[in-house]
Amino acid sequence: MLQGWPYVVVEDTPDMLALWMPVGTRMKRVDMADRNSPVKDLIHGEHPVDEFRRGECLRLMLPGKPYSIWLHWSQNSPRRFSGWYVNLEAPFVRTEIGVDTTDNSLDLVVMPDLTWHWKDGDMAAEWVSVGVFTQAQTDGFFADGNEVIAMAQQRHFPFDDSFADWAPDPEWAIPTVHPEWADAPGYDLNLTTGNRLGNGASSGKEH
Ligand SMILES: [Mg+2]
């Protein structure tokens with residue numbers, strides 16, 4: 001499944017790309033399993049769209065790292081930090097219109113009190129059994145996650161107070177997906193092993 005996710009660029013330095021997605025943002029999706037529609041219609045026609053469901057999100061993408069770290073805030077008043085979501089994914093690459101990555105089979109949730117749990121840990125074995133990821137890759141995802149757990153336990157960035165008072169600029173508009181999102185060369189599952197494949201793009205994959 002290809003997905004196009006729009007963001008507001010908050011910060012773009014050699015050390016970090018910080019992206020903000022407000023509530024109400026709509027993403028694009030091409031479901032490769034939809035056998036009833038020609039591919040060109042899936043990409044260029046009407047896209048199914050999803051509302052972003054986890055509350056507003058500041059996504060920290062760290063060059064070369066096999067994860068991005070998402071900070072979430074509740075929609076209720078008063079606005080309150082609700083924790084970190086660690087999306088294990090291929091290190092991002094830049095394209096002409098944004099960045100690309102591929103989701104891995106495992107995620108990590110870190111609560112504001114720094115307690116944590118795996119998300120979809122039980123499904124990781126299933127992904128291996130159906131041949132999407134190898135056991136070695138899956139072991140690597142757990143190792144990547146453990147690296148982040150150690151960061152959190154030591155309160156290393158961004159599990160410190162760096163973003164405690166962060167808030168989006170109220171002037172920022174809800175971002176929209178680039179019209180050519182599905183045309184940029186991008187990732188496929190094999191990129192988790194470092195092999196670049198042909199067409200197929202997204203600005204992030206479903207988690
Ligand atoms: Mg994920």
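Values computed for the structure shown
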read-out: Whether the stretch 61-184 is rounded, prolate or oblate, judged on the alpha carbon gyration tensor where a/c under 1.5 counts as rounded; value: oblate
read-out: Extension reserve of the VAL130-ASP160 stretch, reckoned as 0.36 nm per residue once the Cα distance is removed; value: 6.9 nm
read-out: Highest to lowest packing among 123-131, 102-110, scored as the average C-beta count within 10 Å; value: 102-110, 123-131
read-out: In the stretch 48-123, the trypsin sites (Lys or Arg not before Pro) that fall in loop regions by DSSP, at most 10 other Cβ within 10 Å; value: ARG53
read-out: Burial ranking of peptide ranges 13-22, 165-174 (average Cβ count within 10 Å, highest at the top); value: 13-22, 165-174
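Any read-out appearing in this document is the output of simple, stated calculations on the displayed coordinates, not a laboratory observation. All values reported here derive from a predicted model rather than from experimental measurement. Here Cβ is always computed from backbone atoms with ideal geometry, including for glycine, and neighbour counts include all displayed protein chains.
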